[in-house]
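Before any comments, here is the structure.
The values are calculated or read from the model by the stated rules, or taken from the named source; none is laboratory data. Not measured: the values here are computed from a predicted model. We place every Cβ from the backbone using ideal geometry, glycine too, and count neighbours over all the protein chains shown. Calculation scope for accessible area: heavy atoms of the full protein, side chains included, ligands and nucleic acids excluded. Shrake-Rupley method; radii C 1.70, N 1.55, O 1.52, S 1.80 Å.
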Amino acid sequence: MQWGRVHLLHRSLPFGRDYVWVIPLIEAIMGGIGGAIVGLVGLVIKPLQRRAVVVAIAAAWVVAPVLWLYQPIHPAASAVLALGIGSAVSRLLGPRASGLERTAVWLVPAGLAATIGAGFGLHAWLGWTERRALAALPAVHGKPPNVVLIILDTVRAWNLSWYGYGRPTTPRLAARVAEGVRFDRVIAPAPWTTPSHATLFTGRYPTELSANWLTPLDGTFPTLAEALRDAGYLTAGFVANYVFTGHGTGLDRGFAHYVDDPVRPIPLLRYTSATAWLKQRPWLIERLGPRRFVTGRDAAEVNEATLGWLGQAGRGDRPFFLFLNYFDAHAPYAAPPPYDSLFMPAKTGLPSLRYFDMVERSYGRGPFPRSELEDSYNAYDGALAYLDRAVDSLLGELGRRGLLSNTIVVIASDHGEQFGEHRVVQHGNSLYLPALHVPLAILWPGRVPARRVSYPTSLRDVAATILGLAGVKNPGLPGRSLARYWEGGDTTSVDTLLSAVDYSRLLPKNPPSPVLSGSLRSVILDSLQYIRNGDGSEELYQLGKDFWQVRNLAARPEFAGELEKLRGALLAVTGQRARD
């Protein structure tokens, strides 16, 4: 089923490995419940007991979930079409119905047993491969530092307390970041999760990597986790965004232990074909609350899994590398109480109104009603406050266990978020600053000083930085260590900051966004950003004087030299000319 979602319907990357057996099991259970309901109703409505009717309903039950995956067809139309197909199947199989019944008597239980057995077998195999990976780790000499890489999915720098935001969204982390190095002008390599993480792990530009909307990260280039594993580190990843950072994305390469979507009954019901379309029903979301429809794990669950693994890993004297992905700031911005209403206007005044006054003056009215954008923006800030508490709680527990003193902590985001700027919302659809400007901080008590770095930097350099600080041999991950900004290294040479996003048919067509015209490329040199759009048009912004990116200077003759220079920079890092 998931293969069809990816390759036929172009819907998403694959989910976790457990879905291979769990989804068929859940679908079978739901089919059994449906059959039981039909059987009970048949006690009253006698025609439902006819063999032809039973076969037709059973066939329609199998076909309907497949049709529901294709959302352009209305669910009601899908149900009618499924019943029609079921009737045709019933007429076709009518003469063989008695034989099918005899086959089903043993085939259904055998199929269920095989499915459950596959689940146990998969977990036994995963446990065996993890133990084998741990046994193969090389010896560790001395006391290398631990590494904790924390990614706050969909968090833009603008809304964080440690970057001067007006609301107290992240006061706890602001206090912690003040003790380390804070980078003020960090650009994400992509405005969405999978390619940005892929660059973060490999140090490669997104245009060099296979990771994209429908393809996972392949094994062409080594990863940060592989380098640390080969140096004797215990490697473990705990991700909440299990669609775009799960096993199926290839980002788990090098991790001995990797947890994306645990097997839990209620969340699994969200992904059965028979109930998938319910997630799109506004009336149901309103009644049950958006949090029940979030396709990701809660921050508290990520913390619990991480700390549980640390307590059971049998580390001995080995250092560990932890990668954590938190998903709570992603749409629909559904933080638990009291954070869900923490920054609503009735309690905290109207700072978001002032923000959207600025948006409307700069870009005109957004693609959605202003009230809807304001509510989302306030909920987003509440989600950040929840993340602030959760991440601070995790770090506090690591400190209580005596682990922080020799641990490099890196806190960053994979990409930002948009709330009407340039008439664009959410992410993955433009290369403007709200989608690219992300936080980055490095903490290591006694080893990394308290400092603020204002030079333009990229997430591409994070892997090289971690390996350099940990004293681990770099197996060929490019990028330059950011330690040069506090260790007296070369800070005069200017790096080209590349960001990219490719067009895909799976992208929503409404509201309109820049990526719908084709793949986008952006380079930033010092304070100038150049964007090449998919239709060949160009944009140039002087970020030092126009941070809101209101004035496109690409057609201004006085900037012709700078424009040509940036075109050359794009060609140098991607091999693609500014105008194909």
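Tabulated data
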{"quantity": "Region 382-433: number of residues that are open to solvent by less than 20 Å² (accessible area, probe 1.4 Å), outside any helix (DSSP H, G or I) and closer than 20 Å to A470 by Cβ", "calculated": "6"}
{"quantity": "Residue within region 233-240 that is closer than 25 Å to G382 by Cβ and not small (G, A, S) present", "calculated": "yes"}
{"quantity": "Residue, surrounded by the fewest Cβ atoms within 10 Å (Cβ to Cβ), within region 134-193, restricted to residues that are polar (S, T, N, Q) and assigned to a loop (DSSP other than H, G, I, E, B)", "calculated": "T169"}
{"quantity": "The one condition in (1) under 23 Å from D414 (Cα atoms); (2) of a type in the set (A, V, I, L, M, F, W, C); (3) loosely packed, with under 13 Cβ neighbours inside 10 Å that L506 fails to fulfil", "calculated": "(3)"}
{"quantity": "So W158, is it out of contact with any Ser or Thr (no Cβ under 8 Å at 6 or more places or on another chain), modelled with pLDDT of 85 or more, aromatic (F, W, Y) and more than 19 Å from I442 (Cβ to Cβ)", "calculated": "yes"}
{"quantity": "Single unsatisfied condition, P445 versus (1) closer than 22 Å to A178 by Cβ; (2) assigned to a helix (DSSP H, G or I)", "calculated": "(2)"}
{"quantity": "Single condition N474 does not satisfy, out of (1) within 30 Å of P319 (Cβ to Cβ); (2) modelled with pLDDT of 95 or more; (3) not in a loop (DSSP other than H, G, I, E, B)", "calculated": "(3)"}
{"quantity": "Residues of region 535-552 classified as part of a loop (DSSP other than H, G, I, E, B) and surrounded by 17 or more Cβ atoms within 10 Å (Cβ to Cβ), total", "calculated": "3"}
{"quantity": "Residue in region 54-84 that is modelled with the lowest pLDDT, counting only those that are over 21 Å from V41 (Cβ atoms) and of a type in the set (A, V, I, L, M)", "calculated": "L69"}
{"quantity": "Contacts under 6 angstrom Cβ, first residue in region 193-205 being over 22 Å from A329 (Cα atoms), partner in a helix (DSSP H, G or I) and small (G, A, S), 6 or more apart", "calculated": "G203/A463; G203/A464"}
{"quantity": "When residues of region 483-503 are limited to those that are open to solvent by 70 Å² or more (accessible area, probe 1.4 Å) and not charged (D, E, K, R), the one nearest to P367 (Cα to Cα)", "calculated": "Y503"}
{"quantity": "Only one of S376, S341 that is open to solvent by 10 Å² or more (accessible area, probe 1.4 Å), small (G, A, S) and more than 22 Å from R423 (Cβ to Cβ)", "calculated": "S341"}
{"quantity": "Criterion: of a type outside the set (A, V, I, L, M) and assigned to a loop (DSSP other than H, G, I, E, B) - qualifying residue of S499, S504, S522", "calculated": "S504"}
{"quantity": "Every pair of residues 6+ apart whose Cβ atoms lie under 9 Å, when the first sits in region 242-258 and is among the acidic types (D, E) while the second is assigned to a loop (DSSP other than H, G, I, E, B)", "calculated": "D252/T245; D252/G246; D252/D260"}
{"quantity": "Y530, sole failed condition from (1) surrounded by fewer than 12 Cβ atoms within 10 Å (Cβ to Cβ); (2) within 23 Å of D414 (Cα to Cα); (3) at pLDDT 90 or above", "calculated": "(1)"}
